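Everything below concerns the one structure shown next.
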Amino acid sequence: MVANLSCIDSDGVGVDSARASGKKKEEVTKLVEVTWLDSYTDGGWAEHAPETIMSKTYGILIESNDEWVSLAMTKEEGYWGNLWYIPARNVEKIRVIEKIDGPTPFSEYP
């Protein structure tokens, strides 16, 4: 699984999450794809044959640390909606789909 939870840009280039001390962290909203190992059940009678099937979850990256990768499906001023908390040890990779640091294409619509 992921040892260092730095993100991977959409072109496959690693994004360094480290910041130099004394610099203000810039807030950039990132739409990401998280590939991770989810738990599952097999209802009824079955042979014991666990499988490693990776799940993909898409959302706005809120935070990524040694314990959790936190995503939201919605962002409003001061609030996050429909939160996902994925155990970091289950994460294989985080891929940045898009960085949104300014007005979106829809911001001009009423």
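What follows draws every value from the coordinates through simple rules; no lab data is involved. Worth saying up front: this structure is predicted, and the values here are computed from it rather than measured. Reconstructed Cβ throughout: ideal geometry from the backbone, glycine too, with neighbour counts over all protein chains shown.
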If packing is taken as the mean number of other Cβ atoms within 10 Å per residue, what is the order of 76-83, 38-45, highest first?
-> 76-83, 38-45
Report the label-to-label distance for residue 33 and residue 73 in nanometres (one decimal), using points 7 Å from each Cα along the Cα→Cβ vector.
-> 1.9 nm
